[in-house]
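Data first, discussion second: the structure below is written as structure tokens.
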Amino acid sequence: MAQLQAQAMGLGSCWVQIRQRMKGDGRTAREHVLQTLGIPSRLEVLAIIGIGYPADQMEGHPAESLSLEKVHRERYGRVSAD
């Protein structure tokens with residue numbers, strides 16, 4: 001929802017996965033984020049969404065390159081017909 005709202009406001013956004021990511025110093029990205037932002041360790045950070053004015057306008061992927069067999073409609077197993 002945050003990314004859709006950003007788009008509606010003319011902003012860009014970028015999803016950054018934290019879960020199961022490692023930093024170069026051997027710590028997990030989760031540990032780094034918790035320490036940097038002062039978040040209690042009992043909480044879980046799965047991702048961070050950066051929001052701002054985009055420097056570049058990126059083109060979408062051509063429809064032929066999309067793996068539509070991975071898209072399910074309304075229920076798992078109901079593959080997208082688009």
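The values are calculated or read from the model by the stated rules, or taken from the named source; none is laboratory data. The structure displayed is predicted, hence computed values, not measured ones. We place every Cβ from the backbone using ideal geometry, glycine too, and count neighbours over all the protein chains shown. We work out accessible area using only protein heavy atoms, side chains counted, and drop any ligands, DNA or RNA first. Shrake-Rupley method; radii C 1.70, N 1.55, O 1.52, S 1.80 Å.
State the percentage of accessible surface on the chain attributable to carbon and sulfur atoms; use a 1.4 Å probe and exclude ligands, DNA and RNA.
Values: 3910 of 7230 Å².
The value for the chain is 54 percent carbon and sulfur by accessible area.
Just to confirm, what accessible area per residue do you get for the chain at 1.4 Å probe, in whole Å²? Walk me through the numbers before you get to the answer.
Working: 7230 Å² over 82 residues.
Averaged over the residues of the chain, the accessible area is 88 Å².
For a modelled paramagnetic label at residue 3, 7 Å from Cα along Cα-to-Cβ, the residues of region 11-44 in reach, with backbone nitrogen under 11 Å, are 13-17. Both radii were evaluated on the Cα set of region 5-82; the Rg over Rh quotient, with Rh as the Kirkwood radius, amounts to 1.09. Length gained on full extension, residue 76 to residue 53: 4.7 nm, using 0.36 nm per residue less the C-alpha separation. Each Lys and Arg Cβ is given +1 and each Asp and Glu Cβ -1; about its Cα centre, the chain then shows a dipole of about 480 debye. Checking every one of the trypsin sites (Lys or Arg not before Pro) in region 5-82 against DSSP loop status and a limit of 13 other Cβ atoms within 10 Å picks out 19, 21, 23, 27, 42, 73, 75, 78. Accessible surface ranking for 44, 31, 1.4 angstrom probe, highest first: 44, 31.
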